[in-house]
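Colleague: Take this structure first; my questions come after.
The values are calculated or read from the model by the stated rules, or taken from the named source; none is laboratory data. Just so it is clear, the structure is predicted and the values come from calculations on it, not from any experiment. A quick note on method: Cβ atoms are made from the backbone with ideal geometry, for glycine too, and the neighbour counts reach across all protein chains shown.
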Amino acid sequence: MINKAHVPKWILPVIVLSQFCGTSLWFSSNAILQDLSIHFSLPENSLAHITSAVQFGFIVGTLVFAILTIADRFSPSKVFVISALIAALFNLVIIWDHHTLTSILILRFLTGFFLAGIYPIGMKIAADYYDKGLGKSLGFLVGALVLGTAFPHLLKGFTEQLPWKTILIITSIIAILGGLLLFFLVPDGPYRKKSPSLDFSVIGKIFKIKKFKAAAFGYFGHMWELYAFWAFVPFILTTYTSIHSDSSLNIALSSFIVIAIGAVACVMSGYISLYKGAKKTSFVSLTLSGIFCIISPLLFMIPSQTLFMTMLSLWGMVVIADSPLFSTLVAQHVNPIYKGTALTIVNCIGFAITIVSIQLILLLQLYINPIYLMFVLAIGPIFGVISLVKIKK
């Protein structure tokens, strides 16, 4: 056990790097969806289904982890490495040549299930090491999630001639390396408090805490918007290029830019929260992302490709900047013994909400002009802002 007074400087960078490696599995199939569609003759609406399969797997995984209080009863580093190894395996199996849409959805579900042992567990490990300045630490950690999410788009954008299977192989290898790196270099943190026994009533107990519930509800509003926005960034860019025939956007690289720039925003919001507080900083970020949802139809009318990308990138920043701060608020308003379970169950419900918003946009695609699709995402930020107001100073 590392002493509270002296946490080595390399602990946070290792956690961040490992988180990046593990979460690169999240959208690995989305970056090569066109290749998968051609190779396996998938239907046109596979994007939303494959994305939702990962989310659904993550939801089930986090629910199981939360009910069994795995994050609080077992060594987080061990849980992380085992989850990374298994998730990487299911990601890699997609390279087999005889899949159907059903088998691909099952594999993505299982990958998502074991991502439950990577993302929230990574936050739990950070919380076990950093009591003060947790918002800053989680800012780096969620930034790693953002880069991991965007990484497959970068690979695809720079390697158009690279076989699609290579993308899956690379993401699987780095996920395994990330898990092993964390396991060998990051022991249990000094602020870790092990839960003494299995307690099925924990979830009910923590949701009776008013400030915890308000923070959790703010996070739920944030999640309504976040993953639907990320999942449909390529669609937004494609729609823009169809409206502006003179546009020369590289969809894969542009998608990477819009998503990856959110990592910078996470780090910035973490530092800002040290001075302005997590609640106030997340309030501003959530309000701005809500405004972008409301004015989204106007973005498609911008004639300048550069200005359009600038505005979309700003949206990509504010849509995620509040995420580490909500996790900070959740961790601060719960008994330390149940910190891991609290983060996990909030992730579980938050990601369940992402399926609803993604599927709703998919349904609305059939009935309304595509430039108005993102408008519906404003529901989340509005709900989240109202919830934040309920957290008293």
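Colleague: For the range 251-278: of the residues being without any contact (Cβ under 8 Å) to a residue 12 or more places away in the chain and in a helix (DSSP H, G or I), which is surrounded by the fewest Cβ atoms within 10 Å (Cβ to Cβ)?
Modeller: Among them, the one singled out is TYR275.
Colleague: Can you name the residue in the range 310-336 that is in a loop (DSSP other than H, G, I, E, B) and either over 15 Å from PHE220 (Cβ atoms) or not charged (D, E, K, R) (or both) and is also modelled with the lowest pLDDT among such residues?
Modeller: If we take residues in the range 310-336 being in a loop (DSSP other than H, G, I, E, B) and either over 15 Å from PHE220 (Cβ atoms) or not charged (D, E, K, R) (or both), then ASN335 is modelled with the lowest pLDDT.
Colleague: Let me ask another. Would you check which residues across the range 203-250 are among the aromatic types (Phe, Trp, Tyr) and either buried (at least 18 other Cβ atoms within 10 Å of the Cβ) or in contact with a Cys (Cβ under 6 Å, 6 or more places away or on another chain) (or both) and list them?
Modeller: If we filter the range 203-250 for residues that are among the aromatic types (Phe, Trp, Tyr), which is where we start, we get 207, 212, 217, 219-220, 224, 227, 229-230, 232, 235, 240.
Selection gives PHE212, PHE217, TYR219, PHE220, TRP224, TYR227, PHE229, TRP230, PHE232, PHE235, TYR240.
Colleague: So GLY148 ticks every box in (1) under 22 Å from ALA88 (Cα atoms); (2) modelled with pLDDT of 85 or more; (3) touching a Cys at 6+ places or on another chain (Cβ under 8 Å) but one. Which box is left unticked?
Modeller: So the condition that GLY148 fails would be (2).
Colleague: Inspect all residues belonging to the range 113-125 and state whether any of them is farther than 30 Å from LYS279 by Cβ and assigned to a helix (DSSP H, G or I).
Modeller: To start, the set of residues in the range 113-125 that are farther than 30 Å from LYS279 by Cβ comprises 113-114.
Checking the rest, the ones that are also assigned to a helix (DSSP H, G or I) come to 113-114.
Yes.
Colleague: Pick from PHE184, PHE229, PHE220, PHE256: which is among the aromatic types (Phe, Trp, Tyr), closer than 30 Å to HIS39 by Cβ and at pLDDT 90 or above? Spell out the reasoning first.
Modeller: Details: PHE184 fails: closer than 30 Å to HIS39 by Cβ; PHE220 fails: closer than 30 Å to HIS39 by Cβ; PHE256 fails: at pLDDT 90 or above.
One residue alone meets the criteria, PHE229.
Colleague: In the range 266-319, what count of residues is obtained for those that are within 12 Å of GLU225 (Cβ to Cβ), touching a Leu at 6+ places or on another chain (Cβ under 6 Å) and β-branched (Val, Ile, Thr)?
Modeller: The total comes to 2.
Colleague: Still on this model: Being part of a helix (DSSP H, G or I), among the charged types (D, E, K, R) and within 28 Å of PRO190 (Cβ to Cβ) is the requirement here; does LYS339 meet it?
Modeller: yes
Colleague: Among the numbered conditions (1) touching a Pro at 6+ places or on another chain (Cβ under 7 Å); (2) at pLDDT below 90; (3) in a helix (DSSP H, G or I), tell me where THR239 comes up short.
Modeller: THR239 satisfies every listed condition except (2).
Colleague: Oh, and also: When the range 151-178 is examined, which residues are found to be farther than 15 Å from GLY262 by Cα and modelled with pLDDT under 75?
Modeller: PRO152, LEU155, LYS156, GLY157, PHE158, THR159, GLU160, GLN161, LEU162 - these are the residues of the range 151-178 that are farther than 15 Å from GLY262 by Cα and modelled with pLDDT under 75.
To keep it simple, each residue is scored yes or no on (1) free of Cβ contacts under 8 Å to residues at least 40 places away in the same chain; (2) more than 27 Å from LYS124 (Cα to Cα); (3) more than 18 Å from the chain's Cα centre (by Cα).
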| position | (1), (2), (3) |
| --- | --- |
| LYS280 | yes, no, yes |
| LEU288 | yes, yes, yes |
| CYS293 | no, yes, yes |
| SER296 | no, yes, yes |
| LEU307 | yes, yes, yes |
| SER327 | no, no, no |
| ASN335 | no, no, yes |
| GLY350 | no, no, no |
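Colleague: Kindly indicate whether any position in the range 358-380 is among the aromatic types (Phe, Trp, Tyr), part of a helix (DSSP H, G or I) and either in contact with a Lys or Arg (Cβ under 6 Å, 6 or more places away or on another chain) or surrounded by fewer than 22 Cβ atoms within 10 Å (Cβ to Cβ) (or both). So that I can check it myself, show each step before the final result.
Modeller: First, pick out the residues of the range 358-380 that are among the aromatic types (Phe, Trp, Tyr): 367, 372, 375.
Within this subset, residues satisfying the condition of being part of a helix (DSSP H, G or I) are 372, 375.
Of the ones still in play, those that are also either in contact with a Lys or Arg (Cβ under 6 Å, 6 or more places away or on another chain) or surrounded by fewer than 22 Cβ atoms within 10 Å (Cβ to Cβ) (or both) are 372, 375.
Among the residues of the range 358-380, at least one is among the aromatic types (Phe, Trp, Tyr), part of a helix (DSSP H, G or I) and either in contact with a Lys or Arg (Cβ under 6 Å, 6 or more places away or on another chain) or surrounded by fewer than 22 Cβ atoms within 10 Å (Cβ to Cβ) (or both), which makes the answer yes.
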